[in-house]
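To keep things clear, I will list the structure first and then write my remarks on it.
The values are calculated or read from the model by the stated rules, or taken from the named source; none is laboratory data. Everything numeric in this text was worked out from a predicted model, so none of it was measured. All Cβ positions, even for glycine, are placed from backbone atoms using ideal geometry, and neighbour counts span all protein chains on display.
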């Protein structure tokens, strides 16, 4: 059982930040982030997520035309913007990632299963990124408010990755936060049988 | 920054367990689990995930015919099996969950956006459940090897929820584990721009 400080940092007091202190995110922090999130479980260890970290002002400017209006300022000012994407051909890595069986064959001839697996497990890995960021003392600001097709054109035209969602990373300054919104109760969201 | 014990428990030494000690999962643990995971971020606080905790032998028997053969034994013997599902009509809760704007209208007339949002954010919440379980000292065994349509027929015919994936919960005994499988390196899964 983690202590209350850790549970607060991961879940209870962590917030999606909208405004950033100028403190940068270091090379070491990005590597530590990946070296944690990579251990999160995925189906057949498929690990379909791919992460593009936009660190330069030039890279963020390429993203600008794909962002919803309400997400532009906080994204342009974030120290790092992560594009959480997935590789639709993730199964080509399975001979290495899942050497116990011919898992590549489960997906290579079944585009519908491959797409569902890539999206589900790529999304799980995006959540692991959010949790890993919080675990190493970074704030995360996940967003779906952008044009996925446009991001794919801008960043992935050659390699064929698909964008899923965005996560601003840095140290939030706490301004521009809504009051905490309510959550569903256990009885509203859960059932026991 | 969390300490190494916490980072190990969440990411580095946590394993998907296949065999369980008889120790039960208590009412208090299930509520603590939900009371952590509910705080994880979702798009417009949409919170589309729904969780059905199968605790009785009878409930697990209802699940049996939908399971892949390789998942039957570990699932039938798990203290709790969570069906991670989502409510396709999650947007009906938005006037309460996101009172800042008429967010219900963004989804109610756009079935494609609603489905994508429910699946993505319901999956994020499933990952928060895995992380919250580990945070409170439970082991989690997530699985996609089952017939989703059959589970929906068996458990959700009336209320219309959709199954996403399953998570066995309990205290693993460490038997039946593969050696740790490799992960993609930072250079294979990440790009910096």
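Structure notes:
- Of the helices (runs of 4 or more DSSP H) lying entirely inside region A:1-64, those containing at least 2 residues that are closer than 20 Å to residue A:120 by Cα and under 18 Å from the mean Cα position of the chain (by Cα) span A:27-37.
- Screening residue B:130 on (1) within 12 Å of another protein chain (Cβ to nearest Cβ); (2) touching a residue at least 12 places away in the same chain (Cβ under 8 Å); (3) surrounded by fewer than 23 Cβ atoms within 10 Å (Cβ to Cβ) shows it passes everything except condition (3).
- Selected residue [touching a strand residue (DSSP E or B) at 6+ places or on another chain (Cβ under 6 Å), at pLDDT 95 or above, at the interface with chain B (Cβ under 8 Å from one of its Cβ atoms) and crowded, with 22+ Cβ neighbours inside 10 Å] from A:67, A:2, A:54: A:54
- Positions within region A:157-185 being closer than 28 Å to residue A:119 by Cβ, surrounded by 13 or more Cβ atoms within 10 Å (Cβ to Cβ) and at the interface with chain B (Cβ under 10 Å from one of its Cβ atoms), in sequence order: A:161, A:164, A:165, A:167, A:181, A:183, A:184
- Hits in region B:14-31 (condition: closer than 25 Å to residue A:14 by Cα and either at the interface with chain A (Cβ under 7 Å from one of its Cβ atoms) or surrounded by 13 or more Cβ atoms within 10 Å (Cβ to Cβ) (or both)): B:14, B:29, B:30, B:31
- If the condition is being farther than 23 Å from residue A:71 by Cβ, touching a residue at least 40 places away in the same chain (Cβ under 8 Å) and out of contact with any helix residue (DSSP H, G or I) (no Cβ under 6 Å at 6 or more places or on another chain), then region A:12-37 contributes only A:32.
- In region A:80-94, the qualifying residues are those that are in a helix (DSSP H, G or I) and touching a helix residue (DSSP H, G or I) at 6+ places or on another chain (Cβ under 6 Å), and the one that is nearest to residue A:9 (Cα to Cα) is A:90.
- With respect to the conditions (1) within 20 Å of residue A:72 (Cβ to Cβ); (2) within 13 Å of another protein chain (Cβ to nearest Cβ), residue A:153 lacks only one, and its number is (2).
- Residue A:140 meets each of the listed conditions (1) surrounded by 14 or more Cβ atoms within 10 Å (Cβ to Cβ); (2) more than 7 Å from chain B (Cβ to nearest Cβ); (3) over 25 Å from residue B:133 (Cβ atoms) apart from (3).
- Just one of the listed residues (A:47, A:43) is at positive phi and crowded, with 19+ Cβ neighbours inside 10 Å, and it is A:47.
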